[in-house]
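These notes concern the structure reproduced below.
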Amino acid sequence: MIYSLFANSVTYDANSFIINGKRQLIFSGSIHYPRSTQQMWPDLIRKAKDGGLNAIETYIFWDHHEPFRRQYDFSGNLDFVKFFKLVQEAGMYGVLRIGPYVCAEWSYGGFPMWLKNTPGIELRTNNEIYKNEMQTFVTKIIDMAKEANLFASQGGPIIIAQIENEYGNVMEPYGEAGKAYINWCAQMAVAQNTGVPWMMCQQSDAPQPMINTCNGYYCEWFTPNSPNSPKMFTENWIGWFKKWGERDPHRTAEDVAFAVARFFQRGGAFNNYYMYHGGTNFGRSAGGPYIATTYDYDAPLDEYGNLNQPKWGHLKQLHEALKLGENVLTAGNWTDKEIVPGVNLTTHINGGESFCLISNTNKEGEPVNVNLNGGVYWVPAWSVTLLSGCNKEIYNTAKINAQTSLFVKKQSLSHHHKHHKSAQLTWHWAPEAMRDTLQGKGRFRASQLLEQKLTTSDVSDYLWYMTAIEVNQTKKVFLRVNTTGHVLHAYVNRRYVGSQVGTANQVGFAFESPVYLTRGKNTITLLSATVGLANYGSFYENKPTGIAGGPVQLIGNDNSTVLNDLSFDTWSYRVGLNGESKRLFDPATHHHHPWRTTEAPINRRMTWYKASFETPSGDDPVVVDLLGMGKGHAWVNGNSLGRFWPSVLANSNGCGDCDYRGEYNPNKCVTNCGEPSQRWYHVPRSFMNSDGNSNTLILFEEMGGNPKGVSFSTVGVAIGCGDAYEGSTLELSCHNGKIISGIDFASFGEPIGKCGSFVKGLCDSNISVSQVEKACVGKESCSIDVSANTFGSVNCGNLTKRLAVQASCA
Ligand code: GAL
C-alpha cells in the first residue's frame, strides 16, 4: 500500500495542473461508488488504471447518506472514504464532486425527501434553511475526508473538489437570489479549507477562485472565465443513459477519441469521462422519471465491469499517445493553422520538444493528405492524428487498433433434480395482501388529492388513494383520473378496472375507464406508482408526482358531462405495499410464511414470487433474465437489483446505420430496437452466497408476468477480435482468467468484414494463422507486432495492410 506521508501540492495555471511541482495531464473517469459494490471497486479501479487513467471521479449521494435528518449511513457500498482509499492504493488521483445536488440520473438529483419537507425551505437558492442544511452536509463530507487524510494537501488522493452542479444551466429563473446563492456556494466551499482547488461545472460566472468547467460531447472551444484557470472537461459524455422504453445508446470509440484529442489539441488540461463505469441503479436510486435500472452508459467498463471493446482499448492507446506529449502539451505554447478548410495543424512546443495534432473536422469526404516535415499523413474526415516530435504518427482517432470483444450470456443450470440439470427455477408465490386497500381502508385521510412524493417521503414507489361514493341507482359511468404519473392502477368495488403508464416523453396522463356503480356505497381504489423522481431543471423538485390535485371525476356516458368531481372528497391513504412493510423481499426476516407452494400463477397482478438458485460457478459477472415478467422490483438475498420492466419495449426504428463522423447525439448509433428495453439485470457476485447454495430471488410483480422463463446467466468474453494497421501492436485478451483457446481467423493483408464474419481479401500472408496461433493460443493475453517482421512481406499494392484476428476464449 502506498500511503504518502507527505502533503502533495496541487496548483494550476492556464496551461495545466501542477502536482508537486510537475505539470500533468489529467485523464479522469467517473465511477459512482453506489452504482457497483465494494467487492467490484478494486477491479474497476484497476481496469481504469490499465486503461490509462490517472484519476477517478465520483459524486456524493446525499439522499443515501442522510436518508433521515441527521441519521447518516456510510456503510457497505456507501463507504466513499474506502472508495477513495482504494483509488489511492492504485496510485491514482481522486476528484470529489460533492454537489450536493448531483443530477446524475439519480432519484431527485440526490436530495433527500426530508429536505424538501422542511418547512420554509427552497432548494438551490438563497434560502437560509436550505443553505444551512447544504453547509451541514458538505461540512460533514469534508470533515470525513479530512479525518481520513483524503485531500492531496494531507497526502491523500483528492486533487480537486466540486460544489453545486451545472447551476449555470438552470439559474436564470432564480434571478438575483440565484446569483447570491452561487456566490455563497463559492465562499462556503473555500471556507472549508481543503487545501485543494475547487471547481464549478457549467458556471460561466463562477466567482474566483472557483474554476468553471465544461460538460458536453465536445469542449474544444470552451475557455474558462479566468486567464489563470486550466481548461477542464468535467463531463465528456462517453455515451448516454437509457430510459424505460428507449433503445440502447452508443457513442463510437472513434468519436469519443476525436473529442478528447480535439480538446487537448486546443490546450485542454483535464478530461473526465462521464461515465468510465456507469453501473446499475440499484434499489430505487434511478432518477427520472423513467430512468432504467441499467446505467451502462456505453462506458469503457460495461455495466458488469467487463471491458467494453474496442472503446476501452482505443482510449487506452490515446492516453498513451497523449502522455508521450505531456511535457509539451502542458506548456501552453501552441499555434494553430488551417491548412485547407476544416483541416488544422496545431503545433505545441516546449523548449526543443514539439508535439503536433492534425485535425480534420469535416464530416465527410476523402482523407486529407497533409505534408509535414518531410512526412505525409493521411487524416480521415472527423479525425485527429497525433504526431510525436511532429514527425511520427503515433495515433489517429479514426484508426482503431484495439480489440473488439463479443460477450455471450451463458445460461447457468442448477442441480435441483437428481441427475438432471435445468435452468428452470421452482417458484413459490404470495399475493400482495390488498384486503384493506380494496375496501378503502387507509392509514390517514385528507380532503384533497395529495402530492405523492411528499406524502410518502419517498419510502416506497407506491401510494394508495381511496375514496367512497354513494349512488342511489346502479349505473355505468366513466372514471377519469388525471395524474402526473408515472403509473396508475384502478379498482372499483374491489374489482380491477384498468391501468395506464406514462412514457418518458409524456409524463402525465389522463386515465379513463367505464365502471359500474351499484346502489349504495362504492369504493374507488387508485394505486399510483412512481418510477424514479425528476432530477434536472430549474425548480425540478417542485414537479408534482402522483394524482396530486387530480382531478378525479366521474363522467357521464356522453363522455363529457362531469357527474361528480371527487377531487375534494375525503380520500384515505396508504403508503407502500403490505409486502413491503412485512419485508417479503428479505428472506432473512420472514416471520410470516405467506408463500404458497401451489403452481405459480401467470399474468397475475400484484404478486410476489420466490425461488431459490445456486450461485453460478466461475468469476464472470451474473445476470438474471427477466423476460416474460411485467414490471416490478427484484431482490437477491434481500439485496435490491432495482426495478424491472422487461415488458416495455424500445422503439422499433432507428437501429442500423452508425457513422462516427459528425456531431454525436443520443439518437445516433442506437441498438436494441423493438426489444425489451431492459431484459437482463445485474446480480453482483457479492449479493450471492459464496458456498454456492440456496440463494433467494424474490420478484414483486405489479402488472402481471410469467416467471417460468426467468433464468440466470454469466456474461463472459467468448470471442475476441482484433483489427490493427501495419506498424501497430495488436493486443488480444480473454479476461477473467480465461485463455485464448483457438484462432478462428487471422489474415495479414487486406481482410474484409467485421468481428464474427471476417473474410480474407485479395492479398494475404499465408503464415497469418500460424503466427498468431504461436503468439496467442494457451495464453490469457498476447501482443502481436503487426509488420513484415511477423508475417513476411506481402504485396497489397499501395494499400495500408491490416491484420484481422478472431480468437475464441475458454
Ligand atoms: C449532466 C449532469 C450529470 C448527468 C449528465 C447526463 O448535465 O451534470 O450529472 O446528469 O448530465 O448523464
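The values are calculated or read from the model by the stated rules, or taken from the named source; none is laboratory data. All values derive from a computational prediction rather than experimental measurement. Every residue, glycine among them, receives a Cβ derived from its backbone with ideal geometry; neighbour counts consider all protein chains shown. When the accessible area is computed, the model is the full protein with side chains, heavy atoms only, and any ligands, DNA or RNA have been set aside. Shrake-Rupley method; radii C 1.70, N 1.55, O 1.52, S 1.80 Å.
Just a few scattered comments:
- Every residue from segment 655-713 that is in a loop (DSSP other than H, G, I, E, B), closer than 20 Å to residue 424 by Cβ and among the hydrophobic types (A, V, I, L, M, F, W, C): 688, 710
- Here is the figure for segment 123-180: residues that are within 16 Å of the ligand (Cβ to nearest atom) and among the small types (Gly, Ala, Ser) total 2.
- Within segment 210-236, the set of residues being within 16 Å of the ligand (Cβ to nearest atom) and touching a residue at least 60 places away in the same chain (Cβ under 8 Å) comprises 211, 217, 218, 234, 235.
- Given (1) farther than 11 Å from residue 525 by Cα; (2) of a type outside the set (S, T, N, Q); (3) out of contact with any Phe, Trp or Tyr (no Cβ under 9 Å at 6 or more places or on another chain); (4) touching a residue at least 60 places away in the same chain (Cβ under 8 Å), index of the condition residue 471 fails: (4)
- Note on segment 325-380: among residues that are under 32 Å from the mean Cα position of the chain (by Cα) and under 17 Å from residue 220 (Cα atoms), the one that is most open to solvent (accessible area, probe 1.4 Å) is 363.
- Verdict on residue 108 being in contact with a Lys or Arg (Cβ under 9 Å, 6 or more places away or on another chain), in contact (Cβ under 8 Å) with a residue 60 or more places away in the chain and either more than 13 Å from the ligand (Cβ to nearest atom) or not hydrophobic (A, V, I, L, M, F, W, C) (or both): yes
- Any helices (runs of 4 or more DSSP H) falling wholly within segment 77-195 and containing at least 2 residues that are touching a helix residue (DSSP H, G or I) at 6+ places or on another chain (Cβ under 7 Å) and surrounded by fewer than 24 Cβ atoms within 10 Å (Cβ to Cβ): 80-89, 113-116, 128-147, 175-190
- Answer from 330, 293, 335 - the residue that is within 16 Å of residue 678 (Cα to Cα) and either within 13 Å of the ligand (Cβ to nearest atom) or not aromatic (Phe, Trp, Tyr) (or both): 293
- Matching entry among 268, 287, 283, 245 (being more than 29 Å from residue 14 (Cβ to Cβ) and either among the β-branched types (Val, Ile, Thr) or open to solvent by less than 10 Å² (accessible area, probe 1.4 Å) (or both)): 287
- The residues of segment 534-571 that are closer than 24 Å to residue 445 by Cα, hydroxyl-bearing (Ser, Thr, Tyr) and surrounded by fewer than 16 Cβ atoms within 10 Å (Cβ to Cβ) amount to a single one, 570.
- Strands (runs of 3 or more DSSP E) (entirely within segment 718-791) containing at least 1 residues that are open to solvent by 50 Å² or more (accessible area, probe 1.4 Å) and farther than 30 Å from residue 617 by Cα: 729-733, 781-785
- Scanning segment 394-403 for residues that are surrounded by 20 or more Cβ atoms within 10 Å (Cβ to Cβ) and part of a strand (DSSP E or B) yields 395, 396, 403.
- Selection within segment 208-252 - of a type in the set (A, V, I, L, M) and either more than 25 Å from the chain's Cα centre (by Cα) or at pLDDT below 95 (or both): 210, 211
- Count of residues meeting criterion [farther than 25 Å from residue 167 by Cβ and either within 16 Å of the ligand (Cβ to nearest atom) or touching a residue at least 24 places away in the same chain (Cβ under 8 Å) (or both)] in segment 58-77: 5
- Of all the listed residues (669, 721, 734), the sole one being in contact with a Ser or Thr (Cβ under 8 Å, 6 or more places away or on another chain), outside the structural domain of residue 639 (by TED's automatic domain parsing) and more than 30 Å from residue 392 (Cβ to Cβ) is 734.
- Breaking point among (1) of a type in the set (Ser, Thr, Tyr); (2) at pLDDT 95 or above; (3) under 30 Å from the mean Cα position of the chain (by Cα), for residue 447: (3)
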